[in-house]
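The values are calculated or read from the model by the stated rules, or taken from the named source; none is laboratory data. A quick note: this is a predicted structure, and the numbers were derived from the prediction, not measured. All Cβ positions, glycine included, derive from the backbone under ideal geometry; neighbour counts span all protein chains shown.
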Amino acid sequence: MSEIKVIITADGSHSLLNEALDETYHSRHGAVQESEYVFIEKGVKFFIDSGQKESVSILEIGFGTGLNALLTANISEKKKINIGYSTLETFPLTEEIWSRLNYSTEKLLFNKLHSSAWNKWVEITSNFKLFKREESLQTANLGSQQFDLIYFDAFAPNKQPEMWEHAMLEKIEQSMKSGAVFVTYCAKGQLKRDLKSLGLVVESLSGPPGKREMVRAIKI
């Protein structure tokens, strides 16, 4: 993957630059702090804290570097809550790339996330099970009312517009259970309008460092 380059972001953590798209996998203002804020604090922690949950079913759009999965696995251990984590990725990273990333002192856990088999459930820890699906959102069958939480972490709409089309958001909405939460770093007006048209309650939240807003939406 010669078009993928490891870069350092402002908080000292790595991200990747897709040179073909001229797009980074995370905010240049800080990869870890962005993921911690958008997907952990405003996503899984918010969902868990909203009620007594014994288990959480998560769908991530874009496995990428595995950072969101790593941070979520840590939460599952800290809070002793079972998490089933499904993730879609069309272009998995090679070991030559992911092995260079500096996200965690817990290298064994990070390595296990990346080296685990694709297209099957794998028990990563006693509380965290992972299903990496090597397929696109366009072709994936997500089912109906399967997920409690959606991490929408595709490349930006101006770089990967096909991921943000109304039909794709509708597919995701149909896969969400009642009360499910959708979080993304993106705060485009069209995204908010599309989510509202699908019946979701949309919130514009303060964004992570370097970004004014992010979006969280809830299926009632």
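Observations
- Some residue of the stretch 126-146 being farther than 30 Å from LEU200 by Cβ and more than 17 Å from the chain's Cα centre (by Cα): yes
- Close Cβ contacts (under 9 Å, 6 or more residues apart or on different chains) running from residues in the stretch 156-178 that are closer than 18 Å to GLY189 by Cα and without any contact (Cβ under 8 Å) to a residue 12 or more places away in the chain to residues that are part of a helix (DSSP H, G or I) and not hydroxyl-bearing (Ser, Thr, Tyr) comprise GLU165/ASP194.
- For the stretch 107-117, a residue qualifies if it is farther than 23 Å from ASP148 by Cβ, in a helix (DSSP H, G or I) and of a type outside the set (Lys, Arg), and the qualifying residues are LEU108, PHE110, ASN111, HIS114, SER115.
- Look at the stretch 111-137: where a residue is free of Cβ contacts under 8 Å to residues at least 24 places away in the same chain and surrounded by 15 or more Cβ atoms within 10 Å (Cβ to Cβ) and a partner is outside any loop (DSSP other than H, G, I, E, B) and among the aliphatic types (A, V, I, L, M), sitting 6+ places away or on another chain with Cβ atoms under 8 Å, you get SER116/VAL122; SER116/LEU130; VAL122/LEU130.
- Strands (runs of 3 or more DSSP E) completely within the stretch 1-74 that count 2 or more residues being hydrophobic (A, V, I, L, M, F, W, C) and either surrounded by 19 or more Cβ atoms within 10 Å (Cβ to Cβ) or touching a residue at least 24 places away in the same chain (Cβ under 8 Å) (or both): 4-8, 55-61
- Residue match in the stretch 183-196 (condition: over 20 Å from ILE83 (Cα atoms) and polar (S, T, N, Q)): yes
- Considering residues of the stretch 39-88 that are basic (Lys, Arg) and more than 23 Å from GLU213 (Cα to Cα) only, the residue modelled with the lowest pLDDT: LYS53
- Checked against (1) farther than 27 Å from GLU162 by Cα; (2) of a type outside the set (Gly, Ala, Ser); (3) at pLDDT below 95, PHE91 meets all criteria but (1).
- In the stretch 167-207, residue farthest from ILE40 (Cα to Cα) [restricted to those that are among the basic types (Lys, Arg) and surrounded by 15 or more Cβ atoms within 10 Å (Cβ to Cβ)]: LYS171
- Residue among LEU130, LEU108 that alone is under 21 Å from ALA69 (Cβ atoms) and at pLDDT below 95: LEU108
- Selection of the stretch 175-206 for residues being closer than 22 Å to SER50 by Cα, assigned to a helix (DSSP H, G or I) and either over 18 Å from the mean Cα position of the chain (by Cα) or at pLDDT below 95 (or both) yields only LYS196.
- The number of residues in the stretch 75-106 that are of a type in the set (A, V, I, L, M, F, W, C), buried (at least 16 other Cβ atoms within 10 Å of the Cβ) and in a loop (DSSP other than H, G, I, E, B) comes to 3.
- Residue count, the stretch 118-165 (criterion: of a type in the set (Lys, Arg) and not in a strand (DSSP E or B)): 2
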